[in-house]
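Worksheet for the structure shown next.
The values are calculated or read from the model by the stated rules, or taken from the named source; none is laboratory data. Predicted model, so just to flag it, every value in this text is computed and none were measured. Cβ placement follows ideal geometry from the backbone for every residue including glycine, while neighbour counts extend to all protein chains displayed.
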Amino acid sequence: MGRGIGTRLVAGGNNVTVLDNDPEQAKQLAEELRAGATEGAAAEGGAANDPIDGDVLVLAVWYEPARAVIEQYGDQLEGKVVIDITNPVNVETFDGLVTPADSSAAEELAKLAPAGAKVVKAFNTTFAGTLVAGQVGGQALDVLIAGDDDEAKRTVAELARAGGLNPIDAGSLKRARACRPAPARASIHPHGHRPLGLRGA
Ligand SMILES: NC(=O)c1ccc[n+]([C@@H]2O[C@H](COP(=O)([O-])OP(=O)(O)OC[C@H]3O[C@@H](n4cnc5c(N)ncnc54)[C@H](OP(=O)(O)O)[C@@H]3O)[C@@H](O)[C@H]2O)c1
């Protein structure tokens with residue numbers, strides 16, 4: 001997802017810093033992003049604990065690491081737009097979510113973040129590969145955006161629009177509970193002459 005969102009951000013002329021546990025991997029991705037960047041947009045790589053320079057932090061990680069990142073940066077997140085892209089599936093059982101039934105990842109992350117951080121839910125309903133391509137079948141991808149700070153939502157919408165995406169205001173942060181990817185149903189043909197078919201349920 002870091003690659004997908006990063007691709008759309010630099011296509012929209014924004015500067016991006018990729019931070020990863022492995023700084024070499026972050027630098028490699030930044031180099032690849034630069035190759036597809038609109039003139040003037042920059043991409044740099046760094047380490048997971050580097051200071052956050054920008055106004056917007058995209059948590060392009062799984063839910064538990066997202067919690068750890070928020071705890072790690074703490075007050076550095078004051079005033080920043082923090083984008084939660086997670087679908088907080090239980091990665092041990094894949095049979096449910098790790099967040100409480102009456103909450104969502106975004107709301108739980110907002111509780112962890114300092115009061116001045118503006119947590120916005122976005123990008124969790126778009127697939128990584130389609131974000132890299134920027135469209136599906138000639139159609140711009142919809143990006144559902146939920147949050148309690150209108151200015152922060154506008155910032156995310158502008159980033160999405162600049163990158164060729166179609167932002168949709170989904171309402172308050174509570175609406176993040178309803179922003180979930182549609183389940184897909186796969187039909188597999190074992191004799192191998194027909195492609196895997198995926199159909200939205
Ligand atoms: N894939 C999709 O199509 C898709 C669609 C919608 C939403 N999402 C959501 O997007 C999130 C990421 O999914 P993904 O498919 O991109 O996962 P992924 O391919 O496993 O990438 C996650 C990346 O986060 C890095 N990371 C872990 N802890 C970090 C930290 N503290 N600081 C910086 N980087 C850290 C990992 O590095 P290491 O490998 O070194 O740990 C890894 O490179 C998930 O929450 C998922 O629910 C995914």
Notebook entry, point to check: If we scan the stretch 16-34, do we find a residue that is part of a loop (DSSP other than H, G, I, E, B) and more than 16 Å from the ligand (Cβ to nearest atom)?
Noted result: no
Note to self: Consider the stretch 1-57. How many of its residues are more than 25 Å from residue 70 (Cα to Cα), charged (D, E, K, R) and either at pLDDT 95 or above or in contact with a Pro (Cβ under 7 Å, 6 or more places away or on another chain) (or both)?
What the structure shows: 3
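Restricting attention to the stretch 71-92, which residues are in a helix (DSSP H, G or I), within 13 Å of the ligand (Cβ to nearest atom) and in contact with a Pro (Cβ under 9 Å, 6 or more places away or on another chain)?
Selection gives 73 alone.
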Next item on the list: Please specify each residue of the stretch 1-37 satisfying the condition of being closer than 17 Å to residue 133 by Cβ and among the basic types (Lys, Arg).
Entry: 3, 8
Next item on the list: Examine the stretch 141-161 for a residue that is exposed (fewer than 14 other Cβ atoms within 10 Å of the Cβ), more than 15 Å from the chain's Cα centre (by Cα) and in a loop (DSSP other than H, G, I, E, B), and state whether such a residue exists.
Entry: no
Margin query: I'm told residue 65 meets every condition in (1) within 13 Å of the ligand (Cβ to nearest atom); (2) surrounded by 18 or more Cβ atoms within 10 Å (Cβ to Cβ) except one. Can you identify the failing condition by its number?
Written below: (2)
Check: Restricting to the stretch 46-62, what's the tally of residues that are within 11 Å of the ligand (Cβ to nearest atom) and in contact with a strand residue (DSSP E or B) (Cβ under 7 Å, 6 or more places away or on another chain)?
Finding: 7
Check: Looking only at residues in the stretch 1-12 that are of a type outside the set (A, V, I, L, M) and out of contact with any Asp or Glu (no Cβ under 8 Å at 6 or more places or on another chain), which one is farthest from the ligand (Cβ to nearest atom)?
Finding: 12
Notebook entry, point to check: For the stretch 93-105, does any single residue satisfy the condition of being over 16 Å from residue 145 (Cβ atoms), within 13 Å of the ligand (Cβ to nearest atom), in a loop (DSSP other than H, G, I, E, B) and in contact with a helix residue (DSSP H, G or I) (Cβ under 9 Å, 6 or more places away or on another chain)?
Noted result: yes
Check: Out of all the residues in the stretch 126-136, is one or more among the polar types (S, T, N, Q), touching a strand residue (DSSP E or B) at 6+ places or on another chain (Cβ under 9 Å), under 23 Å from residue 7 (Cβ atoms) and part of a strand (DSSP E or B)?
Finding: no
Margin query: Going through 37, 68 one at a time, which residue ends up being of a type in the set (Gly, Ala, Ser) and within 24 Å of residue 158 (Cβ to Cβ)?
Written below: 37
Checklist line | Residues (more than 15 Å from residue 168 (Cβ to Cβ), within 11 Å of the ligand (Cβ to nearest atom) and among the polar types (S, T, N, Q)) located in the stretch 124-145 | finding: 130
